[in-house]
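The values are calculated or read from the model by the stated rules, or taken from the named source; none is laboratory data. Everything numeric here is computed off the predicted structure, so don't read it as measured data. All Cβ positions, glycine included, derive from the backbone under ideal geometry; neighbour counts span all protein chains shown. The accessibility values were calculated without ligands, DNA or RNA, using every heavy atom of the protein model including side chains. Shrake-Rupley method; radii C 1.70, N 1.55, O 1.52, S 1.80 Å.
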Amino acid sequence: MMRPVAIAYGRALRSQFSGRMLLLSIVPLLLSLALWGGLLYAGMQPLLDWLHAVFADYGLFETSGSILATLGLGFLKTLVIPLVAMLVLLPLMIITSLLFIGVGAMPAIARHVSRVQFPTLERKEGGSFMGSLGVNLSGIVVFALLWLVTLPLYALAPVAIVVQAVLWGWLTARVMGYDALAIHASLEERRTIVHAHKRSLLLIGTVSGLLGALPGVAWIGGALFSVVLFPFLAVLSIWLYLVIFIFTGLWFQYFCLQALADLRAGQVTKDA
């Protein structure tokens, strides 16, 4: 199980730092900055005001202050509103980054990996744009709902990082497992590979999820020192998410196409 995952990781790491792959983050970054720059400029203060009113109306300042004091984090009491705003916006940033990568980068990643590593692999077009869209949207809805449910876990940072990694692992295994095989595999081949390697795909997604937790932690942690840094840290986090998503896409692409090549060569493998 580990050897194919490690080989795909090494190949993805080499490709990640090529000029072509680094350039791939530019268009999604510009789209993300245009979207989130406008949203943060126009909506950040109204969001903070609304959250402040909700906390005041329902006595949540006292409740949150008591919880933070119990956890030894009483110094965060004055920052509770900005922190809640960040935690609400974070999954939306992740979702838009994933969508922009899917539209702007995944096709180029598939062409790059195919040309570099699998130039003779036949294309059977077992996936479709609508199929990919359906997998993306259904996965994102579930991801967003689970994220909101688990927001209270951010009171315990290590637990929150693990939960985010597992959620990301599930989402990326679902979404990128489909996209990585959409062009080259038939429908039956894709189902066979996803079933045979579901543990490896989840492992790749979860490790990527741990990497993906870092921008959010840096964003929230940095903002604790100065809320003024919030927009700048948001921009940095978006770019880091995009770079990590590109690396994740490469990792899934190399692994899945190698599994497809092995399947067609009669070297059927399955996770232990």
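Going by the conditions given, is residue 120 in a loop (DSSP other than H, G, I, E, B), of a type in the set (Ser, Thr, Tyr) and either farther than 17 Å from residue 261 by Cα or more than 20 Å from the chain's Cα centre (by Cα) (or both)? The answer is yes for residue 120. Suppose we keep only residues that are among the small types (Gly, Ala, Ser) and out of contact with any Asp or Glu (no Cβ under 9 Å at 6 or more places or on another chain) within region 147-184. Which one would you say is farthest from residue 84 (Cα to Cα)? That would be 180.
Residue by residue, here is whether (1) touching a Phe, Trp or Tyr at 6+ places or on another chain (Cβ under 9 Å); (2) open to solvent by less than 60 Å² (accessible area, probe 1.4 Å) holds:
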{"residue": "20", "(1), (2)": "no, no"}
{"residue": "26", "(1), (2)": "no, no"}
{"residue": "30", "(1), (2)": "no, no"}
{"residue": "34", "(1), (2)": "no, no"}
{"residue": "44", "(1), (2)": "yes, yes"}
{"residue": "51", "(1), (2)": "no, yes"}
{"residue": "59", "(1), (2)": "no, yes"}
{"residue": "67", "(1), (2)": "no, no"}
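The number of residues in region 153-195 that are over 30 Å from residue 265 (Cα atoms) and of a type outside the set (Val, Ile, Thr) comes to 11.
Counting only helices (runs of 4 or more DSSP H) that fall entirely inside region 1-93 and contain at least 2 residues that are touching a Pro at 6+ places or on another chain (Cβ under 8 Å) and of a type in the set (A, V, I, L, M, F, W, C), the qualifying elements are 26-57.
Listed here are the residues, each with its yes/no results for (1) over 22 Å from residue 171 (Cα atoms); (2) among the hydrophobic types (A, V, I, L, M, F, W, C); (3) modelled with pLDDT of 75 or more; (4) touching a helix residue (DSSP H, G or I) at 6+ places or on another chain (Cβ under 8 Å).
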site: 68; (1), (2), (3), (4): yes, yes, no, yes
site: 74; (1), (2), (3), (4): yes, no, no, yes
site: 87; (1), (2), (3), (4): no, yes, no, yes
site: 94; (1), (2), (3), (4): no, yes, no, yes
site: 114; (1), (2), (3), (4): yes, no, yes, yes
site: 125; (1), (2), (3), (4): yes, no, yes, no
site: 130; (1), (2), (3), (4): no, yes, yes, no
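Being part of a helix (DSSP H, G or I), out of contact with any Leu (no Cβ under 9 Å at 6 or more places or on another chain) and within 17 Å of residue 248 (Cβ to Cβ) is the filter; apply it to region 168-198 and report the residue that is most open to solvent (accessible area, probe 1.4 Å). Once the filter is applied, the top-ranked residue is 198. If a residue must be of a type in the set (Lys, Arg) and modelled with pLDDT of 90 or more, how many such residues does region 239-272 contain? Qualifying residue count, region 239-272: 1.
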